[in-house]
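Accompanying notes for the structure given below.
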Amino acid sequence: MNSLYQKVSPAYSQAVAETECAADLRIPSARITRIKAALFAAPYSICLERPKLLARFQRSAAGRAARKEHPLVRRALALAFVLSQRTPRIYPDELIIGNMTSKRIAANYYPEGGSINILEDLFRLEKRTIPLKLTGKEKLDLALIGLTTCRDSMGARALLKPGRFGHFLDFFSAKRYFITEEAGIGHQVADYHGLVHRGLKWMDAWAANCLENCRLQNGKSLDEDQRAFYRAIRITIEGIRKMAANLARTAEKQAADPALADPRRQELLTAAAACRRVPYEPARTFLEGLQSCWLVHVALNQEDFEQGMSFGRLDQILWPLYCEDQAQGRLTPATAAEITASFQLKTCETMPIYSERIDQYFSGNGVAQGITVGGTDADGNDVTNALSGLILEAYAQIATREPALHVRVHPATPAWFLEKAVEVLQLGCGKPSFFGDTAVVPALENAGMTTTHARDYAVIGCVEMASQGRTYNSSDAALFNLPLCLELALNQGVCYGEKHFNNRLGAATPAVEQMRSFDDVAAAFRQQVEHAVAEMVKVIGWLEATYRIWRPTPINSMLTDGCLAQGRDVTWGGARYDLTSIQVTGLADTGDALYALRQLVFETRRYTLPELVRILKNDFRDHAVLQQELVHKFPKYGNGIPAVDAMTQLAADVFADAVRAHLNSRKGRYVPGIYSMTCHIGFGRRTGALPNGRRAGKRLSNGLSPADGADRQGPTAILRSAASLDSRKWANCHALNLKFDRRTVQGKSGARVLSSLLTSFFRQGGMQVQINVLDGAMLRAAKSDPKAYPGIVVRVAGYCAYFNDLQPAVQDEIIERTSHGMES
Amino acid sequence: MAWNRKKDEETAVIFSIQHFCLQDGPGIRSLIFFKGCPLRCVWCQNPESWRMDPEPAFKAHLCMNCRTCIAACPGGVLLQPDRRKKDQCRRCFTCVHACPCGAQSRFGELHSTDSILKELRPEYPYFRDSGGGVTFSGGEATLSAAFAADIAERLKAEGVHLTLETCGQFSLDTETATDGDPLVQRLLMAMDLILYDIKLFDDETHQRYCGGSNQRIKANLAALARSGGQKSRPLVWPRLPIIPGITDTWDNLGSWADFLMDLGLKHITIVPYHRLGNAKRAWLGLAPGPEFTEPSPEALQAITRFLEQKGLNCYTPGEEEWRN
Ligand code: SF4
Ligand code: SF4
């Protein structure tokens, strides 16, 4: 596992890189244009195949027999049944095959997860912000599935128990936190390198071997759970093979159609041959490599759920195959780009299902299937290659919401590569996002990874972190409302809006009358954060226990280092690196609020603390002047002012320390991340006024970005503020959004500006930044006439979404937020 | 004329320092806006730069009408948030302090070289990576020549690329370009690039629209052009605002093009008019200036073609290829 990548001679790589320059790989072929058009024409829907197959399995004799099996085996049997019974669908023109759902674009329905929330919208599916198209019969089925499986969700299984009911209700009134893990864990960068180069055969052989000898690889004899684990591995591999074979058969059948044009027949036969081989056998060609990744990606989506299932460093994983194909004269860069574009378009077939209520927390329909390019090898040498560029160029052909693209930047990142990345950025899709190795690697080391493994990091979903193929990171376990903890600290643990004072949500911290110094306030704040985090950890622990029994993930496990060696599923703690990540929302608001509070109460002594709290409880209603003064005249995070940024650091540290104090039930570490999805809107609605002048109910600051309207010095100052913070504890990274008006950053000179911004930021120790290139007028027009503007991709928090899929409030934010480079 | 002239070795009135500017010289730049301008162009976008001294302004769109400012004004000069008895205002800026919304605001702060450097230094990495630097803008930096020269030399010593934006109305010995006002001379010679604003070729029209003669402007440009391009001399780069109906006549464009070609200047940037100036005039309580239409892309293309036929390389702001 340690020699990460096969070596290719540098001279040869150079030659490959030079031939690249010949054609502009960003121009889509007719095929790619057709596939994209078909996807754009397809309505969004919900696929009920999976829950129906699951139900069929439960009713079958095999299913009844499975009930007596070990939970791991029971799960594997059900999964294998689903995989082998899915109806294969192959769409016109595609080069990489394998349907994500039974429809062209649909969400899979996961009874084990949070899918049931969609029933809230059942009678208005077509009228939602994101309309869903279902026939009457399907709606009936959906209702039926929802009702018959409503107690199967992890949330219900974990929380519909005596003494936990209150926490169950919490899901419907997310205030202090939102436990996303209830829906699923997902968020994985599986070992696609092992998959592509060794095939599932290798994992199968490992499992077979252990079962045969009744021993682990290290000689210890197997216990009952470990035996079940290895059986589960073998069973699911069988299921995946059947799924691939079904696809191959369908492709062959289609190819036999005499009406078919010859080139398409050849393509289908090639795809069929690939599916007959991979993912069980190692891939021999570039196309087989991608086909292998895709099939396992589909399987992983069937196994767990759709969020954040990511591919890792495809430029590194596929590089030997790409070089070999070129050496054999089998592949031109243009064909490779076309295959890659076809692969990337497959990622557009899936979406999540959120009811509109949930959508305020996770607006935008993203599932963030991440691809990471660029970066270094284990020794820190640059390994950017021609394929790193080609993957970006293939994306330029399609410019769709999915996949998520991530570029690693380090001091030796070649200039041509950064330029390519910036050109893609200029398309205005908010992609790629950029990560600074200089900051990311130490943060991962700090979370327990070796330097070698930290340097092999890949991005999960939007911004989260994994050492690829070695990590089980429940990277989006929960989102946390930090400003609310300040509210609770100033009101003895009770929300301002609470009518009954004994309805205490937080810890019983002292009354403000007893707080004598800013340190007292900070201490109460810390206590509230610790209290909320501990509560959250408790609930997540219940969920983890439920996952171990009801939702183990054998496919994920066979592709995560450590599991095969220990004979343990990832949900049982098998992974080499086991993490659970909690993300903070409203960080800048909290920092600014702490700063303003200290100024008003303890420095200038203009108000006593009780006076200030009364004003906040009253949402500044009789203190509009003060509120305006706080908004306009108090310094804020994001302007390069060290004294203010220090308060944001303080807030971040309080959160990070509270999170890092815990271990999950698998003995893995808790780590913090800083991003919000769109929870800053949902949480904002439930948070009272803050001392920085933010009024009750308004949205909170997003990720590591400054609070709304707080940045007055432009993007360089934002970047300075962000880079000045100590990120070593942020092992799950952060999301920092910069938004530019298109005119500011277009053309060659614009590209120069963007790349130098990135270079400077990462040189100063920046960790992550994502850049939206937008045209305000265009977005306003899109908001009022969505039909006229399909396909505008914007980056929302860490992820990209079609502008038209966003809730109006989120759209407004994107429009309003300072457009840097616009005058005045 | 000069406000606080005695102290101008150490301080000057700056009305703003803006980071991340992309259109006034190469790369990512910070602009220092000096207060005070010898001209009064009718289309001016920065009327807050006209006077040398700090002045109060009122931004109506920010006002919440709380009347705090009126109560705070010591002389009772402020009658309404948007009405002050101008001649009696002491410029004490108590109203600005009192206003919670930033509606009562102040254009112009006294800055020392140290305070400016302190504000600019954190931006150096962005200058370095983008090939940018600092641009002296305004207003007219040559009016605060002593201070500007001082800060220019300190920035230069720290390796910062320097640009001066000037209207050309300064005192320079036009024969040799070596003396005249020695302070202006020092300032000019510290520069890497001089963006030299030209407007109307005909002097009478110039006086009518810009509030002053263009004799000295032309002479200074000629002198700088003669010495420009030499080693350790700044690159001189003319810029021409395109004000429909005024500066965009073929006659005006043609005369300037011939003049520039004669001087051996091969580049020009045309700056399309935009309508930001009038909002600012209202803030300052000035009568609105005339409104022009913003030139169309087609018109700009025609102008570009015309100037290029005359032999000039013609650019729009931010798109220049900076060379001799
Ligand atoms: S500057 Fe002073 S005198 Fe003038 S209006 Fe304001 S408060 Fe009154
Ligand atoms: S203090 Fe400011 S906000 Fe209040 S009336 Fe005066 S200008 Fe308006």
> If we only count helices (runs of 4 or more DSSP H) wholly inside segment A:691-785, which ones have 2 or more residues that are at the interface with chain B (Cβ under 10 Å from one of its Cβ atoms) and surrounded by 20 or more Cβ atoms within 10 Å (Cβ to Cβ)?
Replying inline: A:715-724, A:747-763
> If A:D456 satisfies every condition in (1) more than 30 Å from A:A751 (Cβ to Cβ); (2) of a type in the set (D, E); (3) buried (at least 24 other Cβ atoms within 10 Å of the Cβ) but one, which is the exception?
Replying inline: (1)
> Does segment B:120-139 contain at least one residue that is facing another protein chain (nearest Cβ under 9 Å), among the acidic types (D, E) and away from ligand 1 (no atom under 16 Å from the Cβ)?
Replying inline: yes
> Which residues, counting only those in segment B:64-96, are within 11 Å of another protein chain (Cβ to nearest Cβ) and of a type in the set (S, T, Y)?
Replying inline: B:T68
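Among the residues of segment B:36-54 satisfying the criterion of being within 16 Å of ligand 1 (Cβ to nearest atom) and either surrounded by fewer than 19 Cβ atoms within 10 Å (Cβ to Cβ) or not acidic (D, E) (or both), which is nearest to B:F147 (Cα to Cα)? I'd like the intermediate steps shown before the answer.
First, pick out the residues of segment B:36-54 that are within 16 Å of ligand 1 (Cβ to nearest atom): B:48, B:51, B:53-54.
Next, from what is left, pick out any that are either surrounded by fewer than 19 Cβ atoms within 10 Å (Cβ to Cβ) or not acidic (D, E) (or both): B:51, B:53-54.
On the way: B:R51: 17, B:D53: 15, B:P54: 16 Å.
It comes out as B:D53.
Yes/no per residue for (1) closer than 28 Å to B:W322 by Cα; (2) at pLDDT 85 or above; (3) of a type in the set (S, T, N, Q):
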residue	(1), (2), (3)
A:T759	yes, yes, yes
A:R763	yes, yes, no
A:N772	no, no, yes
A:V796	no, no, no
A:Y802	no, no, no
A:Q811	no, no, yes
A:R817	no, no, no
A:G821	yes, no, no
>> Please count how many residues of segment A:613-654 are part of a loop (DSSP other than H, G, I, E, B), farther than 30 Å from B:L120 by Cα, touching a residue at least 40 places away in the same chain (Cβ under 8 Å) and touching a helix residue (DSSP H, G or I) at 6+ places or on another chain (Cβ under 7 Å).
In response: 1
> Can you name the residue in segment B:55-72 that is under 28 Å from the mean Cα position of the chain (by Cα) and of a type in the set (D, E, K, R) and is also nearest to ligand 2 (Cβ to nearest atom) among such residues?
Replying inline: B:K59
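Regarding A:P672, is this residue away from chain B (no Cβ under 14 Å) and part of a strand (DSSP E or B)? Full working, then the answer.
Numbers: away from chain B (no Cβ under 14 Å): yes; part of a strand (DSSP E or B): yes.
Yes, satisfied.
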>> Could you check segment B:252-266 and list, in sequence order, the residues that are surrounded by fewer than 18 Cβ atoms within 10 Å (Cβ to Cβ) and touching an Asp or Glu at 6+ places or on another chain (Cβ under 8 Å)?
In response: B:S255
> If you scan segment B:299-322, which residues turn out to be under 16 Å from B:D248 (Cβ atoms), touching a residue at least 12 places away in the same chain (Cβ under 8 Å) and away from chain A (no Cβ under 14 Å)?
Replying inline: B:A299, B:L300, B:I303, B:T304, B:F306, B:L307, B:K310, B:L312, B:C314
>> It is to be established whether one or more residues within segment A:616-630 are more than 14 Å from every other protein chain (Cβ to nearest Cβ), over 24 Å from the mean Cα position of the chain (by Cα) and farther than 17 Å from A:Y496 by Cβ.
In response: no
> B:G25: farther than 15 Å from B:W283 by Cβ, within 16 Å of ligand 2 (Cβ to nearest atom) and either free of Cβ contacts under 8 Å to residues at least 12 places away in the same chain or buried (at least 21 other Cβ atoms within 10 Å of the Cβ) (or both), yes or no?
Replying inline: no
>> Name the single residue that is nearest to ligand 1 (Cβ to nearest atom) among those in segment B:55-84 being of a type in the set (A, V, I, L, M, F, W, C) and touching a Ser or Thr at 6+ places or on another chain (Cβ under 7 Å).
In response: B:C73
>> Tell me whether segment B:273-284 contains one or more residues that are over 30 Å from B:L78 (Cα atoms), buried (at least 16 other Cβ atoms within 10 Å of the Cβ) and within 14 Å of chain A (Cβ to nearest Cβ).
In response: yes
> Does A:H187 satisfy the condition of being farther than 30 Å from A:L484 by Cα and under 22 Å from the mean Cα position of the chain (by Cα)?
Replying inline: no
> Where residues in segment B:97-119 are within 13 Å of chain A (Cβ to nearest Cβ) and surrounded by fewer than 20 Cβ atoms within 10 Å (Cβ to Cβ), which of them is farthest from ligand 1 (Cβ to nearest atom)?
Replying inline: B:K118
> Of these, B:G108, B:G75, which one is touching a Lys or Arg at 6+ places or on another chain (Cβ under 7 Å), over 30 Å from A:R752 (Cβ atoms) and within 16 Å of ligand 2 (Cβ to nearest atom)?
Replying inline: B:G75
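Looking at B:R216, B:R154, which one is within 18 Å of the chain's Cα centre (by Cα), in contact (Cβ under 8 Å) with a residue 12 or more places away in the chain and surrounded by fewer than 17 Cβ atoms within 10 Å (Cβ to Cβ)? So that I can check it myself, show each step before the final result.
Values: B:R154 fails: within 18 Å of the chain's Cα centre (by Cα).
Checking each option against the conditions leaves just B:R216.
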>> For segment B:82-103, which positions are at pLDDT 95 or above and within 8 Å of ligand 2 (Cβ to nearest atom)?
In response: B:C95, B:A98, B:C99, B:P100
>> Only one of B:F58, B:F93, B:F33 is touching a Lys or Arg at 6+ places or on another chain (Cβ under 6 Å) and of a type outside the set (K, R). Can you tell me which?
In response: B:F93
> For A:W416, all conditions in the list (1) assigned to a helix (DSSP H, G or I); (2) of a type in the set (A, V, I, L, M, F, W, C); (3) within 19 Å of A:C293 (Cβ to Cβ) hold save one; what is the number of the exception?
Replying inline: (3)
> Residues of segment A:111-138 being buried (at least 16 other Cβ atoms within 10 Å of the Cβ), more than 26 Å from the chain's Cα centre (by Cα) and farther than 16 Å from A:A55 by Cβ, which ones?
Replying inline: A:L134
>> Checking the structure you have, find out if any residue of segment A:655-668 is away from ligand 1 (no atom under 16 Å from the Cβ), outside any loop (DSSP other than H, G, I, E, B) and within 30 Å of B:G27 (Cα to Cα).
In response: no
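If the requirement is being at pLDDT below 95 and away from ligand 1 (no atom under 16 Å from the Cβ), which of these qualifies: A:G682, A:G693, A:G673? Walk me through it before giving the result.
Numbers: A:G693 fails: at pLDDT below 95; A:G673 fails: at pLDDT below 95.
After applying the criteria, what remains is A:G682.
Taking the conditions exactly as written (more than 24 Å from the chain's Cα centre (by Cα), without any contact (Cβ under 8 Å) to a residue 12 or more places away in the chain and within 14 Å of chain B (Cβ to nearest Cβ)), does A:A596 satisfy them or not?
On the way: more than 24 Å from the chain's Cα centre (by Cα): yes; without any contact (Cβ under 8 Å) to a residue 12 or more places away in the chain: no; within 14 Å of chain B (Cβ to nearest Cβ): yes.
Taking the combined requirement at face value, the residue does not satisfy it.
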>> So, B:M52, is that one within 9 Å of ligand 2 (Cβ to nearest atom), touching a helix residue (DSSP H, G or I) at 6+ places or on another chain (Cβ under 9 Å) and not basic (K, R) or not?
In response: no
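The values are calculated or read from the model by the stated rules, or taken from the named source; none is laboratory data. Everything numeric in this text was worked out from a predicted model, so none of it was measured. Positions of Cβ are backbone-derived with ideal geometry, glycine not excepted, and every protein chain shown enters the neighbour counts.
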